[in-house]
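Following this message is one structure expressed as structure tokens.
FYI, it's all coordinate maths here, none of it is from the lab. All figures in this text were calculated on a predicted structure; none of them were measured in a lab. Positions of Cβ are backbone-derived with ideal geometry, glycine not excepted, and every protein chain shown enters the neighbour counts.
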Amino acid sequence: MFVFTPLFTIFVLLLGGYLAKRVGALKQKQSRMFLDFAILFALPCLIFDKTYHLNFDLNLVVLILGGLFSCVLAAIFSVILGIVFKFSKSTLVSMFLLACFGNTLFVGIPIVSGVYGEVFLSEVIFYDALATAIPISIIGPIVLSYASNQKINVMENIKRILFFPPFIALMLGFVCKIFVLPEFIFEPIVVFGNSATAVALFAIGLGLGFSAIKTAYKPTIIVVLCKTLLAPLIFILLLKFLAVELEPRVVVAILESAMPTMTLAGAMIMKAKLDSNLAVSSIAFGILFSFVSIPLLSYFLS
């Protein structure tokens, strides 16, 4: 599997955002504006298009849940290591979220499309929804409330999920599968959707910072290794135990489980005022390490 072309594309987009900040063309706080456009406008278009054209089956759901299970186990292991190193409660909670949820969409899409073309992009969208977006919306507030000792508002969390534009697009995509929509409707939707990945990666690059690693290098190393190496290793062992053949769809799921830390997970940690240095470092160095881990994993699976 040739992954260097999509990794190079990711690198250039991230570097473009980072250099825009360094030369003063844009400010770091403006990354939120780009991310809002990507998540609230472009991403829903991409999700609706790919969900509508998805060939849904139960085996795909089971496969995705297996990937989620592997990531949760890897995150629990990272917390156990954190306890051994006697990290603080806020750091342990931060480690769990950062090691559990990966950037399965904005990093996953260019990698999967670079390896297999656009054949499995619908599966990537569904993987992100079922193993990342929905779980972090449910698990995230619960885990964060444990660190801050705040009461969990279940109805508020449900409302937040139901009115989240990407989730609405996902549901509309499944509902509209009942009908046969003319293809010309998808022309502007596809144009909007195609901008999601580039804009989001540029925004992530704009927000990247590397100075925080000085105070959080130990938990950062644990989070990055557990997320990018341990999670896919657990997934592969699980698939081997169940005698599942490593066909392309399965390989895509394994690659998705190996994606570096999700940007939203870091944002949630910083908003909750937990270990912000760890959040920033895990996102930045997780992306950098993926330029090593993804080719290694791809070579192993080929």
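For all pairs of alpha-carbon atoms in region 213-284, what percent lies in each bin of width 10 Å, listed from the first bin to the last filled one?
20, 39, 24, 15, 2
Go through region 102-114 residue by residue and turn each phi into a ³J(HN,Hα) via Karplus (6.51, -1.76, 1.60, θ = phi - 60°); whole Hz please, and just put x for glycine and proline.
Each residue of region 102-114 in turn: x, 7, 5, 9, 6, 9, x, 4, x, 5, 5, 5, x Hz.
Rg and Dmax in Å for region 103-223, alpha carbons only: what are they?
Both quantities, over Cα of region 103-223: 18.0, 55 Å.
For the residue pair Ala267 and Ile168, what label-to-label distance in nm results when each label sits 7 Å from Cα along the Cα-to-beta-carbon direction?
Between Ala267 and Ile168, the simple spin-label model gives 1.7 nm.
What translational D, rounded to a whole number of µm²/s, comes out for region 71-157 from Stokes-Einstein when the hydrodynamic radius is the Kirkwood one over Cα pairs, at 10 °C and 1.306 mPa s?
Answer, rounded: 109 µm²/s.
Further question on the same structure: Along each of its three principal axes, how wide is the spread of alpha-carbon positions in region 155-286, in whole angstrom units, largest first?
Reported extents, whole Å, longest axis first: 55, 41, 34.
Once region 244-287 is represented by equal point scatterers at the alpha-carbon sites, with solvent omitted, what log10 I(q)/I(0) does the Debye formula produce at q = 0.15, 0.34 Å⁻¹?
Debye curve over Cα of region 244-287, log10 I(q)/I(0) at q = 0.15, 0.34 Å⁻¹: -0.48, -1.10.
How many angstrom separate the Cα center of region 111-150 from the Cα center of region 210-243?
Result: 16 Å between the Cα centres.
Normalised by the empirical 2.2 N^0.38 Å for globular proteins, what value does the Cα Rg of the chain take?
Dividing the Cα radius of gyration by 2.2 N^0.38 Å gives 0.95.
When the Kirkwood radius is taken over all Cα pairs of region 1-123, what Stokes-Einstein diffusion coefficient follows at 4 °C and 1.567 mPa s, in µm²/s?
Result for D is 74 µm²/s.
Give me the distance in nm between label points sitting 7 Å out from Cα along the Cα-to-Cβ direction at Glu187 and Arg32, one decimal.
3.8
Under a Cβ-only charge scheme (Lys and Arg +1, Asp and Glu -1), can you give me the dipole magnitude of the chain about the Cα centre, in debye to the nearest 20?
The dipole magnitude comes to about 1360 debye.
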